[in-house]
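I am attaching a structure below and will ask some questions about it afterwards.
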Amino acid sequence: MPIEWLPEARQLHLHSGSLSDVIGVLESGALGQPHFGGRLATGRSYRHLGRAPFPGFDNRTGDPVPLVVPTPDRGDYRVPGLVVIGADGSPALDLRYVDHVVSAGKPDLPGLPSTYVESDGEADTVEIRLADEPTGLEVVVRASIFRDRPVVTRSLTLTNRGPALLRVETAMSVVLDLPDDDWHLVTMTGAWAREREPVDRPLAPGRRSTASVRGASGPDTNPVLILRRPMTDETTGEALGLALVWSGDFLGEVEVEPFRTARVRLGVNPETFTWHLEPGASFTTPEAVVVRSEAGLDDLSQTFHGLFRERLARGAWRDRPRPILLNNWEATYFDFDADRLVEIAAVARDLGIELFVLDDGWFGQRDSDDSSLGDWTVDRRKLPDGIGSLAARIRGLGLAFGLWIEPEMASPRSRLFEAHPEWVLGVPGRHRTESRNQLVLDLANPAVVDHLTDALTPVLREAAVDYVKWDMNRNLTEVWSPTLPPERQGEVRYRYLLGVYELYRRLTAAFPDTLFESCASGGGRFDPGLLAYAPQAWASDDTDAIERLRIQHGASLVYPISSIGAHVSAVPNHQVGRITPLETRAAVAVFGAFGYELDPTRLDDADRAAIREQIAWFRARREVLQLGRFHRLRSPFEGDGNETAWLAVAPGRGRAVAAWFRVRSRPMPGPSRLRLRDLDPDGRYRVTPWPPSGDAMAAADAGVRGGDELMVAGLLVDPDPREAGLRGDFVARLFDLERI
Ligand code: GLA
């Protein structure tokens, strides 16, 4: 059992792989964290690792005693994990250990997404009960550890067992007190169309945080903290990763205090949150996932990828290779009718596309983004015979059919808003901010969730949708719900997310064979919370291949390739105006949930032939790319960012696909060696460069090579610098590897 309890030491030791999480009951009864990090032997007490309490401070600080649930106002002057105000108005809780229960398996969290197990043998869970006697607050720290993954998860459940109302102001899902600050913190930044760029900074005294107050996890940040030792790189060194299974406002923060210890905390953002805990009521925080590696960021990513793909994503599509889709958005925007769509779909089918996705503009009277959200009935002007008939025509061509929806919104110009102005978020008597001409529905109101279930189910059923793209195109403002009294408005953002999750739960249950893809103006809500319902997400509205190198590379730090929606689009690119070769656009998009987003009827014969070939090539390698292990070989965020290289290796290592990309052409560029990883060192691989080319690079790399050679010496890039003049900018080269 990977959870050990030593009664004499009053110590719990959760261990798996290279990870030990040691929790001990201190003399005072407070819950200490003497160790979180590298693997320690079982059967021993580690109580001495938590430093001795400073006299008079009751095991708090002054002196930095590591604690599992640190609370304020009693001598621990670092950032707190839990702030609950009792009837006396004070947050000075005194949480003391009561008891704990260890069990096999991993329980679900009420109404919240979480990682899970398929059999009780996969993980063990301890629930540690703490109590603050004066208020009657009970805190259950829930910690699970996966047996075969270096992963622990944490969440808290707060229950008010006292007679008076308690006000929860901060409830972090996890706090880790690390004994030193010799780390770099990696967080993500970005904006619409350039999401998930890693920011890597050494820790320093003071606080460093990443947070969202948008009501969504946001394009400019992500609920993830990665800590790496200064020497840690992709393949060596210690790293910790924390991710919150949550899609709304969050705070991830590291505080280095004067003794140079580091407190890491991750949870719902206290800035936009309060919760009234009535007597008898409970509140559960979202789940935090903590991952550890001793073999670099690549290994850390492998653990995240495996966990998120296999034990966070759910449903029929979890393990299935994803259909190659064509989305009509960049092909037509709002300007289409049934015949035009069928014309596009017919050509798409001829190219080898498997799924046709009808994006925005099919409902209400929506010719631009200024109307009809909320009116989920087909626009008969565009689709006179209805959505079922269009779906049937598309299916008649041999394609699956998918549909775009944006359930959480209402346009001010919509029948829904006219009928139910009280269903949108907004503060009575105050201005209501519009964004993209739309308002946000109050999903904290169960009646709205019921209405959306009833409105969407028949449409999705009529179209018998094989795929749903669930969009969310604005963030929350004036977050106020008439369903709650003024003093409880701090609950609305959390309850909004519970509503979103509930609607996802209902629709994914009603359509169990449908593939769901989440989206929020591209990658504005690409997070572990939604991955629990939608196994893939539209990673960015930016479809430019060169921008995508950065976006997909950044996302791959934690998100598996199968979750990263990636499409080939037309040139000049609609977001940045860049003209890249078609083969480069495809070479980037195949490292994702692959598809096209262009008008195939406008392509010339050569491009159509090229796409037909791309699709055939991808089909034969789809499982390697989407379900294999993904490795970052060269980073667009390092050096001058001119080169990127990726590798996907199939389970069993019999097949692999490597990719090399160069942004700008340079005179006399090479040669350089691209060293691969994760191959069978004793195997021999047939290396086939793609697309076929007669240049010196193809000649140098084509042939049979040992796995050892490919990892130790590598592939040759630019062996003949005189060929620089042939290549131009935006070059991609794929290498197919097959063990013989
Ligand atoms: C968002 C999405 C796009 C597209 C449009 C439709 O911007 O990210 O892919 O669906 O909405 O309005």
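Pull out all pairs, ordered by first then second residue, where Cβ-Cβ is under 6 Å, the residues are six or more apart or on different chains, the first lies in region 519-545 and is touching a residue at least 24 places away in the same chain (Cβ under 8 Å), and the second is of a type in the set (D, E, K, R) and more than 14 Å from the ligand (Cβ to nearest atom).
Sorted first by the residue in region 519-545, then by its partner, the pairs are PRO535/ARG318; ASP544/ARG578; ALA545/ARG585.
Could you please find all residues in region 341-375 being within 28 Å of the chain's Cα centre (by Cα) and among the aromatic types (Phe, Trp, Tyr)?
PHE356
Right, next: Just checking, does region 348-357 include any residue being β-branched (Val, Ile, Thr) and within 29 Å of ARG619 (Cβ to Cβ)?
yes
Tell me whether region 221-230 contains one or more residues that are in contact with a Leu (Cβ under 8 Å, 6 or more places away or on another chain), in contact (Cβ under 8 Å) with a residue 60 or more places away in the chain, part of a loop (DSSP other than H, G, I, E, B) and closer than 28 Å to LEU443 by Cα.
Scanning region 221-230 turns up at least one residue that is in contact with a Leu (Cβ under 8 Å, 6 or more places away or on another chain), in contact (Cβ under 8 Å) with a residue 60 or more places away in the chain, part of a loop (DSSP other than H, G, I, E, B) and closer than 28 Å to LEU443 by Cα.
Now for a separate question. Only helices (runs of 4 or more DSSP H) wholly contained in region 243-355 count here; list those with 1 or more residues that are over 29 Å from LEU633 (Cα atoms) and without any contact (Cβ under 8 Å) to a residue 60 or more places away in the chain.
338-351
Within region 467-479, take every residue that is out of contact with any Gly (no Cβ under 6 Å at 6 or more places or on another chain) and over 20 Å from ALA539 (Cα atoms) and give me the one that is farthest from the ligand (Cβ to nearest atom).
VAL479
Then there is this: On the basis of being within 25 Å of GLY32 (Cα to Cα) and crowded, with 19+ Cβ neighbours inside 10 Å, does LEU266 make the cut?
Here the answer is yes, as LEU266 does meet what is asked.
For GLU517, work out the one condition from (1) more than 16 Å from the ligand (Cβ to nearest atom); (2) part of a strand (DSSP E or B); (3) charged (D, E, K, R) it doesn't fulfil.
So the condition that GLU517 fails would be (1).
Identify the residue in region 28-46 that is farther than 16 Å from MET1 by Cα and touching a His at 6+ places or on another chain (Cβ under 8 Å) and, among all such residues, is surrounded by the most Cβ atoms within 10 Å (Cβ to Cβ).
PRO34
Exactly one of (1) crowded, with 23+ Cβ neighbours inside 10 Å; (2) over 29 Å from GLN536 (Cβ atoms) is unmet by LEU390. Its number?
(2)
Moving on. Would you pick out the residues in region 438-449 that are more than 11 Å from ALA410 (Cβ to Cβ) and assigned to a loop (DSSP other than H, G, I, E, B)?
Matches in region 438-449: LEU443, ALA444, ASN445.
Quick one: in region 328-340, which of the residues that are within 16 Å of the ligand (Cβ to nearest atom) and surrounded by fewer than 19 Cβ atoms within 10 Å (Cβ to Cβ) is nearest to the chain's Cα centre (by Cα)?
For region 328-340, the residue satisfying everything is TYR333.
Same structure, new question: Could you list, ordered by first residue, the pairs with Cβ atoms under 6 Å in which the first is in region 589-610 and within 16 Å of the ligand (Cβ to nearest atom) and part of a helix (DSSP H, G or I) and the second is of a type in the set (Gly, Ala, Ser) and modelled with pLDDT of 95 or more, at least 6 apart or interchain?
ALA589/ALA566
Among the residues of region 520-544, write down those that are within 10 Å of the ligand (Cβ to nearest atom) and either at pLDDT below 95 or among the aromatic types (Phe, Trp, Tyr) (or both).
TRP538
Follow-up. Among the residues of region 670-693, count how many are of a type in the set (S, T, N, Q), assigned to a strand (DSSP E or B) and at pLDDT below 95.
The qualifying residues number 1.
Filtering region 285-327 down to residues that are over 17 Å from the mean Cα position of the chain (by Cα) and under 19 Å from PHE36 (Cα atoms), which residue is surrounded by the fewest Cβ atoms within 10 Å (Cβ to Cβ)?
Only one residue tops the list, namely ALA295.
The values are calculated or read from the model by the stated rules, or taken from the named source; none is laboratory data. The shown structure was predicted, so the numbers you read here are calculated from the model rather than taken from an experiment. Ideal geometry is used to build each Cβ from the backbone, glycine not excepted, and the neighbour counts take in all protein chains shown.
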